[in-house]
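The values are calculated or read from the model by the stated rules, or taken from the named source; none is laboratory data. Note that the coordinates shown come from a computational prediction; the quantities given were computed from them, not determined experimentally. Glycine gets a Cβ as well: all are built from the backbone with ideal geometry, and neighbour counts include every protein chain shown. Each accessible area value is taken on the protein alone, full model and side chains, heavy atoms only, with ligands, DNA and RNA left out. Shrake-Rupley method; radii C 1.70, N 1.55, O 1.52, S 1.80 Å.
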Amino acid sequence: MLKKKIFENYKKSADYILEKIKTRPELAIILGTGLENLLDEMENKLEIDYRDVPNFLVSTSNSEGKFIFGKLSGKFVICMTKRFHYYEGYDFDELAMPVYVLKLLGVKNLILTNAAGAVNYNFYPGDICLIRDHINFAGVSPTRGNNLSEFGERFYPIDNLYDKELRRIAKKSALEEGIDLKEGVYFFTVGPFFESPSEIRAIRSLGGDLVGMSTITETLTAGHCGIRVLAFSVATNYSSDRIENMDGSEVEDVAREVSPKLKNLIVKIIGELE
Ligand code: HPA
């Protein structure tokens, strides 16, 4: 059966959140693995559990996600503490939903963070990398299905999905903070398994610098509804052809180690935004 996206459902979710937060946030942040400490910097925090928001996706993990609304670098910001992944079993069109709800809240800029494998030989665990572009060869699309013209056109370009101007601000801020910011192409895989060494070699020859299981659902939806995107990967591990016995055990620890640096960078960037 054809599943339809229904605008009113997103509107109900957004109206519930707006009633609680009262002020429209211009900026949203979706936090990846191990990067939650950004929340420590927020002032006047107000929390809303995803499970209390009508029509919102239900988390498949034990720890529930939350929206955290507050002020960061003088701006009203809404953070999502947990994201939803394709490997958890959601359909791709379901994964469009959080970003459409953010759009209805008034969000104009979206900052995303994730943990990723380092495919490029010049990238190392612990590096912070700006995502310049992505490759999605998984044959999946969050905006497949009926088009909601309230959000955007049926067909839409993605050549500036990772906004050039935001990337310029990020690079300038990194320079000022003394952070060696790498920049590369994120290759999406559905997971939840890590990649085979042969897949990694193929990804590298296709132009992928980083590999991961998230983010593109959110960025492609943001592209559809006209939200500007800035996305960071923390390279948490060497890709499977660069090490023996890759098991992913370091992913969370490395992300946590790097997170104070990334937090400072994001706080600085937000301060620089108009
Ligand atoms: N591959 C896919 N996803 C990941 C990786 C990886 O090596 N590291 C963190 N997320």
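So, by mean Cβ neighbours within 10 angstrom, what's the order for 143-153, 122-132 with the highest one leading?
Working: 143-153: 15.3, 122-132: 18.7.
Put in order of decreasing packing, that is 122-132, 143-153.
Beta bridges from DSSP with both residues in the chain: antiparallel share about 35 percent, rounded to the nearest 5.
Rolling a 1.4 Å probe across the protein heavy atoms gives the stretch 14-106 an accessible surface of 42 Å² per residue.
Excluding G106 itself, calculate the net charge of residues whose Cβ lies under 10 Å from the Cβ of G106, where each Lys or Arg counts +1 and each Asp or Glu counts -1. Taking every Cβ under 10 Å from that of G106, the sum is +2.
Could I have the simple spin-label model distance between L206 and L175, label points 7 Å from Cα toward Cβ, reported in nm to one decimal? Each label point lies 7 Å from its Cα, and together they span 3.4 nm.
The Rg/Rh ratio for the chain, using Cα coordinates for both the radius of gyration and the Kirkwood hydrodynamic radius, is 0.94. Surface composition of the chain: carbon plus sulfur atoms hold 49% of the accessible area, using a 1.4 angstrom probe and ignoring ligands, DNA and RNA. Close amide H partners of A115, meaning residues 5 or more places away or on another chain with modelled amide H under 5 Å apart, are T33, V234.
Only protein heavy atoms count here; under a 1.4 Å probe, E41 has an accessible surface of about 80 Å². Pairs exceeding 20 Å between alpha-carbon atoms, taken from K22/K82; K4/K66; K66/K103; K71/K172: K22/K82; K4/K66; K71/K172.
How big is the shadow of the Cα convex hull of the stretch 11-63, averaged over all directions, in nm²?
4.6 nm²
Relative contact order for the chain: 27 percent, from Cα pairs under 8 Å spaced at least 6 residues apart, divided by residue count.
Residues D241, D163, D40, sorted by accessible area with the largest first, give D40, D241, D163 [1.4 Å probe; ligands and nucleic acids excluded]. Rolling a 1.4 Å probe over the protein heavy atoms leaves K164 with an accessible area of roughly 140 Å². The dipole here belongs to the chain: it is taken about the Cα centre, uses +1 on the Cβ of Lys and Arg and -1 on the Cβ of Asp and Glu, and is about 840 debye.
In vacuum, with every alpha carbon of the stretch 26-92 counted as one equal point scatterer, what does the Debye formula give for log10 I(q)/I(0) at q = 0.16, 0.28 Å⁻¹? Two decimals, please. Debye curve over Cα of the stretch 26-92, log10 I(q)/I(0) at q = 0.16, 0.28 Å⁻¹: -0.56, -1.33.
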